[in-house]
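Student: Here it is, the structure in full.
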Amino acid sequence: MKQKKSKNWSLSSIKLVFLIVILGIVLICSFCLGRYHIGFVDLSKILFSRIIPMDKTWTNQMEAVVLNIRLPRIILSCLVGSCLSVAGVSYQGVFQNPMASPDLLGATSGAAFGAALAILFGASSVLISASAFLFSLTTVGVVFAIGRKAPGNPVVNLILAGIMISSLFTAGTSFIKLVADPTNQLPSITYWLMGSFSGAKQHEIIFVAVPMLMGMVPLMGMRWRLNLLAMGDESCESMGVNPDEMRLIVILASTIITAASVSVSGMIGWVGLVIPHLCRKVIGSDYKYLTPTCMIIGAIFMLGVDNISRNLLETEIPIGILTAFIGAPFFIYLIFRREDSQS
């Protein structure tokens with residue numbers, strides 16, 4: 001029995017290493033792809049020149065494209081894809097619901113309202129991101145307060161409160177769009193809501209790196225405990241784990257990384273719902289391996305979608321549109337595959 005378990009562990013580890021290699025390949029391709037072609041040799045020299053002094057054989061334009069445009073965008077894509085996927089699988093583990101996603105408790109609706117409100121008042125891009133982040137956290141805080149104080153099952157109360165508060169903030173965003181200037185403000189709000197990495201800057205990465213790290217560290221550190229929740233609260237308590245305290249920590253950490261992601265990327269759906277289901281097909285349901293797998297595949301998926309977004313047509317396609325076009329049919333495919341396997 002022990003030998004079989006160790007073989008499964010080694011197989012999962014090999015899969016994780018293989019996924020990391022794929023992520024590295026996609027990263028290199030993402031740097032090379034674009035309307036301004038940059039070869040692999042020039043790309044390597046530009047990146048390594050920041051660490052090792054070497055003779056300059058590339059143009060200033062190449063260096064600007066790699067370091068100021070593509071590098072921040074690629075890093076932000078990886079961070080957002082990883083965070084949304086990990087938040088999605090964590091929510092699914094906490095609520096024991098395969099349909100749970102990062103926007104279950106209204107984090108994305110609150111972020112959309114905060115961003116729309118900031119755009120309405122003519123705020124800068126930094127303030128727009130900050131407003132989206134704060135309103136996202138506030139929304140989940142209100143949902144959590146209602147869910148804790150309402151009588152009945154606290155998990156069900158959280159879900160119901162999330163639906164209610166999310167609809168309120170969605171209505172608020174619609175009202176802001178109604179009163180916004182149709183010439184400048186309304187297009188900016190609409191484009192933000194569709195999601196994009198086109199304006200990725202280094203300061204945005206610095207802005208979201210801290211909250212993302214604050215959320216990802218506890219989720220990765222206590223991921224094995226999510227396996228206990230599937231066994232019930234009594235099993236958690238028998239193992240010395242407080243299920244209510246654990247749910248609180250996971251929800252807070254997942255909310256922080258979701259709020260940070262949406263604040264700089266806009267509304268990007270389906271990632272936190274589809275990627276965890278795909279990862280279960282790849283690695284299984286053990287959260288010890290499932291959570292890091294979601295982190296890696298989420299980054300790969302978001303990088304791939306972003307590459308399509310900026311290279312498919314002459315004008316860039318918003319990320320939210322592509323994730324919906326790709327995510328919805330793929331989720332239907334996963335549903336039918338699950339039914340086939342059960343039959």
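Student: Using +1 at the Cβ of each Lys and Arg and -1 at the Cβ of each Asp and Glu in the chain, identify which of Val282, Leu248, Leu71 lies farthest towards the dipole's positive end.
Tutor: So the residue furthest toward the plus end is Val282.
Student: With +1 assigned to the C-beta of every Lys and Arg and -1 to the C-beta of every Asp and Glu, and no other charges, what is the dipole magnitude of segment 11-130 about the Cα centre in debye, to the nearest 20? Write down the numbers at each step before the final one.
Tutor: Values: 7 positive and 4 negative charges, 38 e Å.
The calculated dipole for segment 11-130 is roughly 180 debye.
Student: In a Gaussian network model over the chain where Cα atoms closer than 10 Å are linked, find which of Gly114, Gly122, Gly272 has the largest mean-square fluctuation.
Tutor: Gly122
Student: Additional query: From largest to smallest, what semi-axes in whole angstrom does segment 57-202 give when each is the square root of 5 times an eigenvalue of its alpha carbon gyration tensor?
Tutor: 33, 22, 10
Student: At R0 = 35 Å, how high is the FRET efficiency between Leu168 and Phe325 if r is their beta carbon distance? Nearest 0.05 is fine.
Tutor: Values: r = 28 Å, r/R0 = 0.81.
The formula returns an efficiency of 0.75 here.
Student: Note the listed values (1) 19.9, 66; (2) 21.0, 69; (3) 19.3, 60, then indicate which one is Rg and Dmax of the Cα atoms in Å calculated from this particular structure.
Tutor: (2)
Student: Within the accessible area of segment 187-297, what % is carbon and sulfur when the probe is 1.4 Å and the other protein chains stay in place?
Tutor: Values: 2930 of 4530 Å².
For segment 187-297, the apolar C and S fraction of the accessible surface comes to 65 percent.
Student: Sort Ile159, Ile332, Ile296 by heavy-atom solvent-accessible area, probe 1.4 angstrom, most to least. Kindly include the intermediate steps, with their values, before the conclusion.
Tutor: On the way: Ile159 40, Ile332 90, Ile296 15 Å².
Highest to lowest solvent-accessible surface, that is Ile332, Ile159, Ile296.
Student: Where the accessible area of segment 51-95 is counted over protein heavy atoms with a 1.4 Å probe, how much of it, in %, is carbon and sulfur? Present the calculation step by step, with values, prior to reporting the outcome.
Tutor: Values: 1100 of 1700 Å².
Answer for segment 51-95 is 65 percent, counting heavy atoms of protein chains only.
Student: With a probe of 1.4 Å, find how much accessible area the chain has per residue, and write the answer as a whole number in Å². Walk me through the intermediate numbers first.
Tutor: Values: 16880 Å² over 343 residues.
Per-residue value: 49 Å².
Student: Please identify, among Val65, Val262, Val208, the residue showing maximal mean-square fluctuation in a Gaussian network model of the chain using a 10 angstrom Cα cutoff.
Tutor: Result: Val65 has the largest fluctuation of those listed.
Student: A follow-up question, please. Compare Val86, Val41, Val26 in a GNM of the chain, Cα atoms joined below 10 Å, and give the one with the largest fluctuation.
Tutor: So, out of Val86, Val41, Val26, the one fluctuating most is Val41.
Student: What ranking of Tyr191, Tyr91, Tyr333 comes out by heavy-atom accessible area, probe 1.4 Å, highest first?
Tutor: Numbers: Tyr191 85, Tyr91 0, Tyr333 110 Å².
If we order Tyr191, Tyr91, Tyr333 from most to least accessible, we get Tyr333, Tyr191, Tyr91.
Student: While we're looking at this one, here's another question. I want to verify the translational diffusion coefficient of segment 49-138 in µm²/s; compute it with Stokes-Einstein, Rh as the Kirkwood radius over Cα pairs, at 4 °C and 1.567 mPa s. Walk me through the numbers before you get to the answer.
Tutor: Numbers: Rh = 16.1 Å.
Estimated diffusion coefficient is 80 µm²/s.
Student: Considering the dipole of segment 161-236 built from charges on the beta carbon (Lys and Arg +1, Asp and Glu -1) around the Cα centre, which of Ser188, Ser166, Ile206 is farthest to its positive end?
Tutor: Ile206
Student: Return a whole-number percent for the relative contact order of the chain, with Cα pairs under 8 Å and 6 or more residues apart as the contact set. Walk me through the numbers on the way to the answer.
Tutor: Working: 460 pairs, mean separation 95.8, N = 343.
Once divided by the residue count of the chain, the mean separation gives 28 percent.
Student: From the C-alpha gyration tensor of segment 179-238, pull out the three semi-axes of the equivalent ellipsoid (sqrt of 5λ each), sorted largest to smallest, in whole Å. Write down the numbers at each step before the final one.
Tutor: Values: eigenvalues 337, 63, 14 Å².
Value: 41, 18, 8 Å, ordered largest first.
Student: Please work out the FRET efficiency for the pair Tyr333 and Leu160, using the Cβ-Cβ distance as r and a Förster radius of 35 Å; give the result to the nearest 0.05.
Tutor: Numbers: r = 30 Å, r/R0 = 0.86.
That gives a FRET efficiency of 0.70.
The values are calculated or read from the model by the stated rules, or taken from the named source; none is laboratory data. Since the model is a prediction, treat every value here as computed from it, not as a measurement. With ideal geometry, Cβ positions are generated from the backbone for all residues, glycine too; neighbour counts draw on all protein chains shown. Only protein heavy atoms, including side chains, enter the accessible area calculation; ligands, DNA and RNA are left aside. Shrake-Rupley method; radii C 1.70, N 1.55, O 1.52, S 1.80 Å.
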